[in-house]
Each structure stands twice: as structure tokens, then as C-alpha cells.
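Read the structure below first, then the notes.
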Amino acid sequence: MSSVNRVGYFGSYGGRFAPETLMGPLIELEAFYSRMKRDAQFQAEYLDLLKTFVGRKTPLTLASRLTEVCGGAKIFLKREDLAHTGAHKINNAVGQILLARRMGKKRIIAETGAGQHGVATATVAAKFGLECVVYMGKVDIERQAQNVQRMNLLGARVVPVTSGTQTLKDAVSEAMRDWVTHYQESYYLLGSALGPHPYPEMVRDFQRVIGIEAREQILEAAGRLPDELIACVGGGSNSIGLFHPFLADTQVKMTGVEAGGRSSKPGEHAARFEGGSVGVLQGTQSFILQDQNGQILNTHSISAGLDYAAIGPEHAFLREIKRANYVSIRDHEALQAFRELARLEGIIPALESSHAVAYAMKRAAELQPDQIILVNLSGRGDKDLNTVLQQGASS
Amino acid sequence: MSLSERGPNTVAFIPFVVAGDPDQDTTLKMIDLLIEEGADLIELGVPFSDALADGPVIQFASEKAASTTSLDDVLKLVKRAREKHAGFRFVLFTYVNPILRMGEEEFAARASEAGVYAVLVVDLPPDESVVYRECMAKVNVKTVFLASPTTSLERFDPIARDSTAFVYYVSRAGVTGVQEKMSSTLSVEVKRLRERTDKPIAVGFGISNGGLAREVAQIADGVVVGSAFVKILEQGATLAALDQVRVLAREIRTATRNHS
């Protein structure tokens with residue numbers, strides 16, 4: 001249904017809008033990846049690392065007290081927070097580092113927003129003894145200091161990006177500038193289902209393990225498929241990873257949760273579907289936040305990982321064919337969910353994942369007790385303690 | 001096919017200016033000055049908030065100008081400049097998103113009406129440009145596509161075919177910005193492309209002084225100088241800055257006319 005047809009397109013979204021110098025490296029990567037996709041040895045190595053290094057499978061947890069408090073559908077949590085390094089990002093990092101090694105690259109480039117992808121990349125680079133450079137917006141460096149320290153410990157070099165909004169978008173541009181200059185020895189390990197083809201497809205494939213496991217686990221735990229899947233959407237890798245293996249199960253509703261930020265005013269949120277329109281940013285055609293002249297708008301979210309002006313192209317497609325729908329959750333709602341989950345379930349979620357939890361809580365109350373919601377808890381919240389504690393003090 | 005219209009053995013001098021850097025009046029002054037100093041074509045950069053193919057100098061200028069100068073404004077600038085400099089060839093250098101926002105067909109019509117000679121869309125490779133090329137062909141505005149050291153010969157053929165004005169060869173793998181010397185393989189690369197096309201080939205990225213321009217003029221039909229001019233304006237559009245622009249423009253014009 002949602003396969004890539006025209007080169008790198010999902011319906012009319014996606015593509016490869018890259019400067020010519022990157023076209024050669026992108027085409028080479030595409031060809032190499034499509035070989036590895038069918039290479040049994042490569043796939044076995046990937047699965048083995050997921051098991052022995054990442055610690056998969058991650059559990060599926062029934063959030064019984066949260067369910068009780070919401071008074072509706074049963075809420076299950078897919079525990080990506082329990083994966084090594086504390087978020088789903090490691091699944092993709094493991095897959096791509098294997099590609100990089102097989103391509104003979106010695107140096108790994110990555111961008112990061114919340115720092116989770118940077119940490120995941122620094123981790124796999126350390127494991128395989130590769131040099132690692134992570135670009136991170138200066139604003140994000142300040143709000144995710146702990147992850148910066150982790151990356152340093154892992155031997156990566158974190159480069160502050162001071163251009164533009166000093167967040168994820170600017171880190172992506174800077175990583176692409178590095179790659180275009182050092183493509184011969186470097187591999188660009190992009191962290192979300194974004195950017196020029198083949199990244200959206202490849203990152204999705206490496207994240208599908210989330211949905212594949214969750215589908216088996218819910219069948220085992222509940223004897224049936226869930227009524228609704230809920231996941232947060234920054235670029236959209238954890239959500240597409242959860243959704244994709246359920247696409248053929250048309251009775252399963254899918255909801256992506258964007259960052260509603262402070263308000264619906266331009267510059268105060270990152271809700272690309274509500275506040276955006278079709279355009280091209282950083283290599284892919286999708287919904288983006290832009291002004292009437294096609295300049296990219298500033299974004300805001302309390303969670304650095306959702307603070308990005310474009311949404312992954314496959315999500316735009318799933319929305320268009322009405323297979324998935326998308327909503328947004330405000331900063332304060334996410335903060336509240338963060339606290340609730342900690343108190344009720346003994347799980348401190350990432351602020352990104354808290355957006356999904358917040359919507360699940362609303363949604364559960366609208367559904368019946370015999371219905372099931374499956375939430376992707378994409379990461380853990382240790383990195384967000386400072387942000388949350390500051391908010392607590394000021395509110 | 002020659003790119004300069006000043007006769008044989010003359011290579012086109014193509015300065016690049018970010019429109020609206022630091023303001024639109026300055027851009028008009030720069031255009032006057034560069035034409036006076038013998039520019040054959042001028043590349044006008046359409047400001048964009050996320051100029052990922054550009055190095056820090058142009059990126060910063062572009063980001064700043066993006067808040068004051070839209071694609072619409074750039075088209076108006078071209079129109080105004082052409083009232084004074086009838087027939088002069090302006091090439092727009094832009095990212096694709098402002099064009100998509102305006103609509104490809106609308107953009108082509110407006111560009112034609114403003115008298116734009118050609119357009120280069122840095123993040124629109126020929127593979128993604130079918131509709132755009134149709135729109136441009138319909139109104140007779142020419143197209144320029146990039147080729148670079150990472151471009152395979154297989155890719156080069158459609159690039160050359162789809163470039164109706166000239167092919168822009170990126171002198172090195174990387175972003176825009178000044179450098180000390182040109183890539184040692186540049187002339188071999190350009191010669192290799194010449195065997196496959198009759199279209200003029202302009203070379204840009206990193207050409208920052210007369211010496212480098214002279215070197216490139218041996219092998220190219222046009223020499224694009226961008227960041228070096230934009231960098232001068234970082235101090236503001238002072239008289240001293242404009243003088244420096246004039247000095248550099250002369251140096252490069254001399255290098256492109258008297259090469260042997």
C-alpha cells in the first residue's frame with residue numbers, strides 16, 4: 001500500500017531534492033541498501049545486534065493504573081524506553097552503522113535534536129570503532145545537556161550549530177554540508193524518516209521492528225489486535241516503525257501526535273498538518289511549516305525531538321489516503337502526561353513520548369473498557385528532568 | 001557556443017549577489033557597479049532560510065535577507081534593473097521551495113515577464129524537474145543545472161540536455177565558499193564533460209580572486225564568483241566595501257578577458 005513507487009515517492013510525497021553533489025552519494029546509498037535489504041547475512045547481523053546489544057524485544061506493558069484513571073480503553077505501552085540508550089533511535093542506528101561498515105566508511109556524521117539519535121549514533125560508532133561527529137543546535141545543546149555529556153563520553157565530537165533557529169533543522173543542514181564535503185570517507189547516519197530518498201524508506205525499515213514485535217505481543221497478551229495505535233511524530237520514525245507492520249490490518253486505527261507547542265500561532269508549535277502546507281525541506285517533499293513566500297517558519301516544542309518544521313513524507317501519504325490521522329498536543333498537556341505516567345506507572349517518559357501518552361489518555365476516556373490502545377513509548381525521560389523541573393518551578 | 005558576448009577568447013565573468021543583502025538598494029547598486037566593471041551575466045541569489053548547499057558566508061547573508069526579500073521581490077528587482085540595463089542577462093540562483101510556494105507555472109510566467117534570462121534551482125536535480133522544465137520552456141526562460149565531481153557520466157548527459165542556458169560545474173565536492181586553490185583535477189573533469197556536450201560550461205564554487213579566475217578561465221566558458229563578493233558586504237554596504245567590490249570585479253574581469 002505504502003510502498004515506494006516513483007523513485008523514492010510515497011504517493012506525491014518524498015523524492016530526492018538534493019544538490020547535485022549529493023545525488024551521486026545518495027544513489028550509491030540507495031543501490032547499496034537495496035542489496036542489503038535482500039542480503040540474508042546482513043539482516044541476520046542486524047537482528048542479532050538488536051537482540052544481543054539493544055536488548056530486544058522490548059516489552060509490551062499494560063498500563064493498568066493509567067487505564068483505571070482514564071476510565072476507558074485499556075492502554076498498552078510498547079517500551080522503546082527500555083531499549084539500549086533509552087529510545088527507539090538505536091534500532092535505526094544499528095541498521096545504518098552496519099551499512100556504513102559494509103560500505104567501508106570510516107567516519108560517521110549525524111544530526112540530533114533531543115540528543116537521543118546522537119547518543120544512539122555515538123554508541124554504535126563506539127562499538128564499531130568509527131569516528132563520529134554529531135551536529136546539534138545550540139538551543140538543543142542547552143536543553144539536553146545530559147545527552148551531550150553522554151555523547152562526549154562515548155567518544156563522539158558534538159558540534160554546536162549556531163545558524164538559523166539553532167535546533168534540529170539547522171543541525172540537519174549542517175550535517176548535509178559536512179557530508180557533501182566528506183562523502184568519500186563519511187557516512188551520513190540520518191536519524192528520522194526524513195530527508196532525500198532512500199532515507200525515509202530505509203529508516204522506516206530499520207524501525208519496523210517496533211511494530212512487528214508489538215503486533216505479536218498484543219496478540220499474545222490480548223488475543224486480538226488493538227483498536228488504535230498512538231505515537232508521537234517529529235520526523236516520524238518511531239511512529240512509522242510502529243504503524244507500518246499494521247498497515248494491512250485496516251481495523252486498526254493509527255494516530256500520530258504532533259507537537260502543538262504553546263499555541264497555534266506560527267512559530268509557537270510544530271504541528272505541520274494543522275499549520276503547514278506542501279513544500280520541500282531538506283531533500284523531501286511533504287507538509288512543512290512555511291510563510292507565504294516559502295521561507296521555513298520557526299517552530300517551538302517543549303520536546304526538542306518534535307521541534308522540526310517538516311513531517312516525514314510517508315506520514316503525509318498515510319494521511320492523504322486516510323489510513324492514519326494526526327492530532328496535536330500542547331506543551332502543558334505533554335508535561336501533565338509526563339508526571340501522570342511517572343506517578344501512576346513508575347515510568348518516566350521522554351517529553352516526545354509524553355505527547356503520545358497525553359493523547360492516549362484523552363482518547364482512552366472516549367473508548368470502551370473492552371477496547372485497546374497501543375502507545376509507542378518511544379523513549380525515557382531522564383534527559384528531560386531539567387526541562388520539566390524548570391517548568392514546575394515557573395508554573 | 002559562447003557564453004560571453006564579447007568575442008572569442010573571452011570567458012564570461014559571472015558575479016553572484018544575494019538579493020537583498022544587506023538591502024535591496026544595495027543590490028541595485030551592486031548590479032550597476034558589476035555591469036560597469038564588465039560582468040557578462042549576474043547571478044542573483046534568492047534568499048532562503050535554509051540554504052543547505054551554501055557555506056557560512058552565503059548562508060548567513062541569505063538567512064538575513066530572507067526576512068526582507070522574497071522571490072517576488074527578487075523578480076521585481078530584476079525588472080527594475082533591466083529597465084536600466086536593457087537586455088542584460090540575469091540568472092536566478094534559488095532553492096526550490098520558494099518556487100513551489102509561488103507555483104511553478106506562475107513563477108515561470110513572472111520570471112519571463114521580469115526578463116529573467118535563466119534559473120538555477122540548487123536543490124532540484126533534473127530527476128525531479130519535469131514539470132518545472134516544461135513551465136520554463138513554455139515561456140522561454142532558460143534553465144541551468146549543476147554538475148559536480150560526484151556526477152557520473154551517465155547522469156551528466158541529461159544534465160547537459162536539460163540545461164538550456166549553460167551547465168554550471170561545481171568545482172569541488174562541498175558547499176559554496178572561498179578557497180586558496182582550485183582542485184587539481186578540475187581541468188581534467190571539465191575536459192571530460194566537454195567531450196559530451198556543446199553547451200557552455202561555467203565553473204563556480206571557491207573562485208575568490210584573479211589568480212584562481214585566470215586558472216579557471218583556461219578551461220571554462222564562464223567563471224562564477226560568489227562568496228568573495230558576499231563576504232565583502234559583511235562589513236555593511238559602505239563606500240569602502242563597494243570600492244573593494246569594484247577592485248575585485250576588475251581583477252576577475254581582467255583574468256577572464258586576457259587569459260591565454
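The values are calculated or read from the model by the stated rules, or taken from the named source; none is laboratory data. Computed from a predicted model, the values in this text were never measured in an experiment. Don't worry about glycine lacking a Cβ; one is built from the backbone with ideal geometry, like all the others, and counts go over all protein chains shown. SASA here: full protein model, heavy atoms, side chains in, ligands and nucleic acids out. Shrake-Rupley method; radii C 1.70, N 1.55, O 1.52, S 1.80 Å.
Residues of the stretch A:164-181 whose accessible area, computed with a 1.4 Å probe over protein heavy atoms, drops by at least 10 Å² once all protein chains are present relative to their chain alone are A:G164, A:K169, A:S173, A:M176, A:R177, A:V180, A:T181. Shape class of the stretch A:1-115 from the Cα gyration tensor (axes a ≥ b ≥ c, square roots of the eigenvalues): prolate, since a/c reaches 1.5 or more and a/b is larger than b/c.
Once the 1.4 Å probe is applied to the protein heavy atoms, the stretch A:61-164 comes out at 33 Å² accessible per residue.
Computed about its Cα centre, the charge dipole of chain A is approximately 480 debye, with only Lys, Arg, Asp and Glu carrying charge at their Cβ. Please report the spacing between the Cα centers of the stretch A:203-246 and the stretch B:80-136 in Å, no decimals. If we compute the Cα centre of each part, the gap is 44 Å. Using only the C-alpha atoms, the convex hull of the stretch A:345-395 corresponds to 90 Å³ per residue. Only lysines eight or more places from B:K84 in sequence, or on another chain, were considered; those with a Cα closer than 25 Å are B:K29, B:K76, B:K142. Across the stretch B:115-129, rounded Karplus estimates of 3J(HN,Hα) from the backbone phi angles (6.51 cos²θ - 1.76 cosθ + 1.60, θ = phi - 60°) give x, 5, 7, 7, 9, 10, 9, 5, 10, 10, x, x, 3, 9, 10 Hz, Gly and Pro being marked x.
Atom-type composition of the exposed protein surface of the stretch B:1-138 places 50 percent of the accessible area on carbon and sulfur (1.4 angstrom probe).
For the protein assembly as shown, what class follows from the C-alpha gyration tensor (a ≥ b ≥ c being the square roots of its eigenvalues): rounded when a/c is under 1.5, otherwise prolate if a/b is larger than b/c, else oblate? In terms of gyration-tensor shape, prolate. A simple charge model with +1 on the Cβ of Lys and Arg, -1 on the Cβ of Asp and Glu and nothing else charged puts the dipole of the stretch B:12-257 at about 660 debye relative to its Cα centre. Can you give me the % of accessible surface on chain A that is carbon or sulfur? Probe 1.4 Å, all protein chains present, nothing else counted. Result for chain A: 49 percent of the exposed heavy-atom area is carbon or sulfur.
Helix A:40-49 and the longest principal axis of the C-alpha atoms of chain A enclose an angle of approximately 60°.
Under the convention that each Lys and Arg Cβ holds +1 and each Asp and Glu Cβ holds -1, the size of the dipole of the stretch B:147-190 around its Cα centre is about 100 debye. In the full protein context, the stretch B:12-257 carries 36 Å² of accessible surface per residue, based on a 1.4 Å probe and ignoring ligands, DNA and RNA.
Counting only DSSP H runs of at least 4 residues, each contributing -39500 (n - 2.57), and dividing by the residue count of chain A, the helix-based mean residue ellipticity at 222 nm comes to -13500 deg cm²/dmol.
Restricting to DSSP loop positions (anything but H, G, I, E, B) with no more than 13 other Cβ atoms inside 10 Å of their own Cβ, which GluC sites (Glu not before Pro) remain in the stretch B:1-108? Numbers along the way, then the final one.
Numbers: sites: B:E5, B:E36, B:E37, B:E43, B:E63, B:E83, B:E104, B:E105, B:E106; in loops: B:E5, B:E37.
Filter output for the stretch B:1-108: B:E5.
Working note: Karplus 6.51/-1.76/1.60 with θ = phi - 60° gives the stretch B:141-147 the couplings 9, 7, 10, 10, 10, 8, 10 Hz, where Gly and Pro are set to x.
Work out the mean other chain Cβ neighbour count within 10 Å for the residues of A:289-302 and drop it here as an integer.
5
Can you give the angle from 0 to 90° between the axis of helix A:331-345 and the longest principal axis of chain A, with both taken from C-alpha atoms, to the nearest 10? With rounding to tens, the tilt is 70 degrees.
State, in square angstrom and to the nearest 100, the accessible area buried between chains B and A, both chains counted, probe radius 1.4 Å.
Approximately 2700 Å², summed over both chains.
Rounding to the nearest 10 and keeping the result within 0 to 90°, find how far the Cα-based axis of helix A:351-366 lies from the longest principal axis of chain A. With both axes taken from Cα atoms, the answer is about 30 degrees.
When the accessible area of each residue in the stretch B:71-108 is compared between its chain alone and the complete protein assembly (1.4 Å probe; ligands, DNA and RNA ignored), which residues differ by at least 10 Å², being lower in the assembly? By number: B:V96, B:N97, B:P98, B:L100, B:R101. Taking a ≥ b ≥ c as the square roots of the Cα gyration tensor eigenvalues, the stretch B:31-190 comes out rounded, since a/c falls below 1.5.
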